[in-house]
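The values are calculated or read from the model by the stated rules, or taken from the named source; none is laboratory data. Everything quoted here is computed from the prediction, not taken from an experiment. Positions of Cβ are backbone-derived with ideal geometry, glycine not excepted, and every protein chain shown enters the neighbour counts.
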Amino acid sequence: MDVGPLIAAGRECEILEAGPGRVVRRSRDGRDLEREAAAMRHARRHGFPAPEVFDADGPDILMERVDGPSLMEEMVRAPQEAHRRVRLLATLLRDLAGVRAPGWLQAAPGCPGNRLLHLDLHPANVILTADGPKVVDWANAARGAAGADVACTWLLLATTPAGRPLDERRTTWLAAFLEDAGAEAARPYLPAMADRRRADRNVTDEEKAGITAFLTENAQP
Ligand SMILES: Nc1ncnc2c1ncn2[C@@H]1O[C@H](COP(=O)(O)OP(=O)(O)O)[C@@H](O)[C@H]1O
Ligand SMILES: [Mg+2]
(Lines give C-alpha, C1' and ligand atoms only; values in the text may rest on other atoms or scores of the structure.)
(Ligands and ions follow the chains in the order given, each with its own letter.)
Protein backbone atom coordinates (compact mmCIF):
# COMPACT_ATOMS: atom_id res chain seq x y z
CA MET A 1 0.00 0.00 0.00
CA ASP A 2 1.12 3.61 -0.62
CA VAL A 3 2.14 5.24 2.61
CA GLY A 4 3.47 8.57 3.89
CA PRO A 5 5.54 9.48 6.96
CA LEU A 6 5.75 7.41 10.10
CA ILE A 7 3.29 8.38 12.85
CA ALA A 8 4.22 5.88 15.52
CA ALA A 9 6.75 3.07 15.79
CA GLY A 10 5.89 0.09 17.96
CA ARG A 11 7.89 -3.04 18.62
CA GLU A 12 6.00 -5.26 16.20
CA CYS A 13 4.34 -2.72 13.92
CA GLU A 14 4.62 0.77 12.55
CA ILE A 15 1.80 3.23 11.91
CA LEU A 16 2.20 5.28 8.73
CA GLU A 17 0.22 8.11 7.20
CA ALA A 18 -1.88 7.02 4.24
CA GLY A 19 -3.85 10.01 2.98
CA PRO A 20 -6.39 12.21 4.75
CA GLY A 21 -7.91 10.54 7.77
CA ARG A 22 -6.21 7.22 7.11
CA VAL A 23 -3.24 5.25 8.39
CA VAL A 24 -1.56 1.99 7.56
CA ARG A 25 -0.56 -0.38 10.34
CA ARG A 26 2.32 -2.46 8.94
CA SER A 27 3.95 -5.43 10.64
CA ARG A 28 7.72 -5.09 10.79
CA ASP A 29 8.45 -8.72 10.00
CA GLY A 30 5.99 -9.01 7.11
CA ARG A 31 3.56 -11.06 9.20
CA ASP A 32 0.06 -11.25 7.72
CA LEU A 33 -2.39 -8.96 9.58
CA GLU A 34 -5.56 -10.01 7.77
CA ARG A 35 -6.93 -11.92 10.76
CA GLU A 36 -6.31 -8.92 13.01
CA ALA A 37 -8.16 -6.70 10.50
CA ALA A 38 -11.07 -9.14 10.41
CA ALA A 39 -11.27 -9.10 14.22
CA MET A 40 -11.42 -5.28 14.13
CA ARG A 41 -14.19 -5.36 11.54
CA HIS A 42 -16.10 -7.88 13.61
CA ALA A 43 -15.78 -5.72 16.75
CA ARG A 44 -16.96 -2.64 14.91
CA ARG A 45 -19.86 -4.43 13.25
CA HIS A 46 -21.03 -5.36 16.72
CA GLY A 47 -20.93 -1.78 17.95
CA PHE A 48 -17.53 -1.84 19.66
CA PRO A 49 -15.34 1.22 18.93
CA ALA A 50 -12.42 -0.15 16.87
CA PRO A 51 -11.12 2.09 14.06
CA GLU A 52 -12.83 1.43 10.74
CA VAL A 53 -10.85 -0.90 8.46
CA PHE A 54 -10.83 0.01 4.75
CA ASP A 55 -8.53 -2.67 3.43
CA ALA A 56 -6.20 -5.44 4.58
CA ASP A 57 -3.43 -6.83 2.43
CA GLY A 58 -0.74 -9.11 3.83
CA PRO A 59 1.29 -7.12 6.38
CA ASP A 60 -0.78 -3.94 5.94
CA ILE A 61 -4.08 -2.75 7.39
CA LEU A 62 -5.48 0.47 5.95
CA MET A 63 -7.67 2.00 8.62
CA GLU A 64 -9.32 5.12 9.92
CA ARG A 65 -6.93 7.52 11.62
CA VAL A 66 -7.98 8.19 15.19
CA ASP A 67 -6.77 11.44 16.70
CA GLY A 68 -6.48 12.41 20.33
CA PRO A 69 -4.51 11.66 23.48
CA SER A 70 -4.39 8.10 24.71
CA LEU A 71 -5.99 7.25 28.04
CA MET A 72 -2.43 6.67 29.27
CA GLU A 73 -1.40 10.21 28.32
CA GLU A 74 -4.43 11.56 30.16
CA MET A 75 -3.63 9.52 33.27
CA VAL A 76 -0.01 10.72 33.22
CA ARG A 77 -1.12 14.32 32.67
CA ALA A 78 -3.48 14.29 35.66
CA PRO A 79 -2.49 11.47 38.07
CA GLN A 80 -4.89 12.75 40.74
CA GLU A 81 -7.74 11.98 38.29
CA ALA A 82 -6.39 8.60 37.21
CA HIS A 83 -8.79 6.67 39.44
CA ARG A 84 -11.70 8.28 37.57
CA ARG A 85 -10.24 7.94 34.08
CA VAL A 86 -9.20 4.30 34.45
CA ARG A 87 -12.84 3.25 34.90
CA LEU A 88 -13.22 3.69 31.14
CA LEU A 89 -11.24 0.47 30.71
CA ALA A 90 -13.82 -1.40 32.78
CA THR A 91 -16.64 0.06 30.67
CA LEU A 92 -14.89 -0.96 27.44
CA LEU A 93 -14.25 -4.47 28.76
CA ARG A 94 -17.90 -4.82 29.76
CA ASP A 95 -19.02 -3.72 26.30
CA LEU A 96 -16.59 -6.10 24.64
CA ALA A 97 -17.88 -8.95 26.82
CA GLY A 98 -21.20 -8.47 25.01
CA VAL A 99 -19.66 -9.38 21.66
CA ARG A 100 -19.55 -13.01 20.63
CA ALA A 101 -16.35 -14.05 18.84
CA PRO A 102 -16.40 -15.25 15.23
CA GLY A 103 -15.84 -19.00 14.96
CA TRP A 104 -12.62 -18.62 12.95
CA LEU A 105 -10.83 -16.64 15.64
CA GLN A 106 -8.05 -18.43 17.55
CA ALA A 107 -8.96 -19.69 21.02
CA ALA A 108 -7.12 -18.17 23.99
CA PRO A 109 -5.30 -21.06 25.72
CA GLY A 110 -6.69 -21.90 29.15
CA CYS A 111 -9.66 -19.52 28.84
CA PRO A 112 -12.49 -21.45 27.14
CA GLY A 113 -15.45 -19.32 26.06
CA ASN A 114 -17.04 -17.69 23.04
CA ARG A 115 -16.46 -13.96 23.67
CA LEU A 116 -14.34 -11.63 21.56
CA LEU A 117 -11.20 -10.80 23.57
CA HIS A 118 -8.72 -7.99 22.88
CA LEU A 119 -6.04 -9.23 25.30
CA ASP A 120 -4.02 -6.02 25.33
CA LEU A 121 -6.61 -3.51 26.51
CA HIS A 122 -4.35 -1.14 28.44
CA PRO A 123 -4.51 2.67 28.64
CA ALA A 124 -2.06 3.30 25.77
CA ASN A 125 -4.31 1.35 23.40
CA VAL A 126 -7.33 3.57 24.07
CA ILE A 127 -7.37 6.79 22.04
CA LEU A 128 -9.70 9.52 23.30
CA THR A 129 -11.14 11.09 20.16
CA ALA A 130 -13.77 13.80 19.74
CA ASP A 131 -16.03 10.92 18.71
CA GLY A 132 -15.44 8.90 21.90
CA PRO A 133 -12.80 6.34 22.88
CA LYS A 134 -11.34 4.12 20.15
CA VAL A 135 -9.51 0.88 20.90
CA VAL A 136 -6.44 0.11 18.75
CA ASP A 137 -3.91 -2.72 18.58
CA TRP A 138 -5.91 -5.92 18.01
CA ALA A 139 -2.87 -8.13 17.42
CA ASN A 140 -3.79 -10.44 20.32
CA ALA A 141 -7.50 -10.74 19.56
CA ALA A 142 -8.82 -14.19 20.47
CA ARG A 143 -11.91 -16.13 21.48
CA GLY A 144 -12.51 -17.03 25.11
CA ALA A 145 -13.99 -16.16 28.49
CA ALA A 146 -14.64 -12.47 29.12
CA GLY A 147 -12.96 -12.72 32.53
CA ALA A 148 -9.68 -13.44 30.75
CA ASP A 149 -9.67 -9.98 29.16
CA VAL A 150 -10.28 -8.38 32.58
CA ALA A 151 -7.46 -10.50 34.02
CA CYS A 152 -5.17 -9.39 31.19
CA THR A 153 -5.86 -5.69 31.82
CA TRP A 154 -5.56 -6.18 35.61
CA LEU A 155 -2.16 -7.82 35.18
CA LEU A 156 -0.92 -5.11 32.82
CA LEU A 157 -2.13 -2.30 35.12
CA ALA A 158 -0.58 -3.94 38.17
CA THR A 159 2.83 -4.86 36.72
CA THR A 160 3.75 -2.38 33.96
CA PRO A 161 5.77 0.63 35.14
CA ALA A 162 3.83 3.83 34.42
CA GLY A 163 6.19 6.54 35.70
CA ARG A 164 6.50 7.88 39.22
CA PRO A 165 3.40 10.06 39.82
CA LEU A 166 1.12 7.32 38.52
CA ASP A 167 3.03 4.45 40.15
CA GLU A 168 2.72 6.19 43.52
CA ARG A 169 -1.06 6.20 43.21
CA ARG A 170 -1.40 2.78 41.67
CA THR A 171 -3.20 1.21 44.66
CA THR A 172 -5.97 3.81 44.33
CA TRP A 173 -6.57 3.65 40.59
CA LEU A 174 -6.12 -0.09 40.37
CA ALA A 175 -8.78 -0.49 43.08
CA ALA A 176 -11.14 1.76 41.09
CA PHE A 177 -10.61 -0.37 37.98
CA LEU A 178 -11.24 -3.60 39.87
CA GLU A 179 -14.33 -2.24 41.57
CA ASP A 180 -15.92 -1.63 38.17
CA ALA A 181 -14.42 -4.53 36.21
CA GLY A 182 -14.92 -7.23 38.86
CA ALA A 183 -11.88 -8.97 40.30
CA GLU A 184 -13.55 -12.26 41.19
CA ALA A 185 -14.64 -13.26 37.68
CA ALA A 186 -11.16 -12.40 36.43
CA ARG A 187 -9.04 -14.04 39.13
CA PRO A 188 -9.17 -17.63 37.75
CA TYR A 189 -7.56 -16.39 34.51
CA LEU A 190 -4.59 -14.60 36.09
CA PRO A 191 -2.24 -17.62 35.82
CA ALA A 192 -2.97 -18.08 32.09
CA MET A 193 -2.50 -14.35 31.47
CA ALA A 194 0.75 -14.34 33.47
CA ASP A 195 2.07 -17.26 31.38
CA ARG A 196 1.28 -15.40 28.16
CA ARG A 197 2.97 -12.26 29.37
CA ARG A 198 6.09 -14.01 30.67
CA ALA A 199 6.45 -15.73 27.29
CA ASP A 200 6.50 -12.33 25.51
CA ARG A 201 10.03 -11.54 24.34
CA ASN A 202 9.39 -7.82 24.84
CA VAL A 203 8.87 -8.24 28.59
CA THR A 204 11.96 -7.50 30.71
CA ASP A 205 13.28 -9.85 33.40
CA GLU A 206 12.36 -7.27 36.03
CA GLU A 207 8.76 -7.19 34.80
CA LYS A 208 8.66 -10.99 34.75
CA ALA A 209 9.73 -11.07 38.39
CA GLY A 210 7.01 -8.52 39.16
CA ILE A 211 4.43 -10.70 37.40
CA THR A 212 5.43 -13.73 39.45
CA ALA A 213 5.14 -11.74 42.69
CA PHE A 214 1.76 -10.32 41.59
CA LEU A 215 0.48 -13.82 40.88
CA THR A 216 1.54 -15.13 44.30
CA GLU A 217 -0.44 -12.32 45.90
CA ASN A 218 -3.53 -12.32 43.71
CA ALA A 219 -4.18 -15.68 42.07
CA GLN A 220 -5.99 -17.04 45.16
CA PRO A 221 -9.00 -15.19 46.60
N1 LIG B 1 -5.78 4.10 13.64
C2 LIG B 1 -4.87 4.89 14.21
N3 LIG B 1 -4.86 6.22 14.04
C4 LIG B 1 -3.94 7.02 14.63
N5 LIG B 1 -2.96 6.56 15.43
C6 LIG B 1 -2.91 5.24 15.65
C7 LIG B 1 -3.84 4.34 15.05
N8 LIG B 1 -3.53 3.09 15.46
C9 LIG B 1 -2.46 3.22 16.25
N10 LIG B 1 -2.07 4.51 16.37
C11 LIG B 1 -0.96 5.05 17.17
O12 LIG B 1 0.16 4.23 17.06
C13 LIG B 1 0.51 3.67 18.32
C14 LIG B 1 0.97 2.25 18.13
O15 LIG B 1 -0.08 1.49 17.55
P16 LIG B 1 -0.55 0.10 18.13
O17 LIG B 1 -1.59 -0.41 17.21
O18 LIG B 1 -0.93 0.29 19.55
O19 LIG B 1 0.74 -0.80 17.99
P20 LIG B 1 1.84 -1.33 19.02
O21 LIG B 1 1.48 -0.88 20.41
O22 LIG B 1 1.78 -2.81 18.87
O23 LIG B 1 3.10 -0.76 18.54
C24 LIG B 1 -0.75 3.81 19.16
O25 LIG B 1 -0.48 3.86 20.53
C26 LIG B 1 -1.34 5.10 18.63
O27 LIG B 1 -0.69 6.19 19.24
MG1 LIG C 1 -0.30 -0.47 21.37
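Elements of the type helices (runs of 4 or more DSSP H) sitting completely within the range 170-209 and holding at least 1 residues that are small (G, A, S) and farther than 28 Å from A78 by Cα: these cover 183-186, 190-198. Would you check which residues across the range 138-148 are more than 17 Å from G47 (Cα to Cα) and within 16 Å of ligand 1 (Cβ to nearest atom) and list them? Matches in the range 138-148: A139, N140, A142. In the range 21-40, the qualifying residues are those that are free of Cβ contacts under 8 Å to residues at least 40 places away in the same chain and surrounded by fewer than 18 Cβ atoms within 10 Å (Cβ to Cβ), and the one that is nearest to ligand 1 (Cβ to nearest atom) is R28. Just a yes or no: is a residue in the range 103-121 at pLDDT 95 or above, away from ligand 2 (no atom under 15 Å from the Cβ) and among the polar types (S, T, N, Q)? Yes, some residue in the range 103-121 is at pLDDT 95 or above, away from ligand 2 (no atom under 15 Å from the Cβ) and among the polar types (S, T, N, Q). In the set G4, G98, only one residue is surrounded by fewer than 13 Cβ atoms within 10 Å (Cβ to Cβ), closer than 30 Å to A162 by Cβ and more than 10 Å from ligand 1 (Cβ to nearest atom); that residue is G98. The range 89-144 holds strands (runs of 3 or more DSSP E) entirely within its bounds, and those carrying 1 or more residues that are closer than 22 Å to L62 by Cβ map to 115-117, 126-129, 132-135. Tallying residues that are loosely packed, with under 12 Cβ neighbours inside 10 Å and either free of Cβ contacts under 8 Å to residues at least 12 places away in the same chain or over 16 Å from N202 (Cα atoms) (or both) within the range 7-20 yields 3. For E73, the conditions (1) within 16 Å of ligand 1 (Cβ to nearest atom); (2) outside any strand (DSSP E or B); (3) under 14 Å from the mean Cα position of the chain (by Cα); (4) of a type in the set (D, E, K, R) all hold with the exception of (3). Yes or no: D60 surrounded by 14 or more Cβ atoms within 10 Å (Cβ to Cβ) and farther than 21 Å from P123 by Cα? Spelling it out, D60 is indeed surrounded by 14 or more Cβ atoms within 10 Å (Cβ to Cβ) and farther than 21 Å from P123 by Cα.
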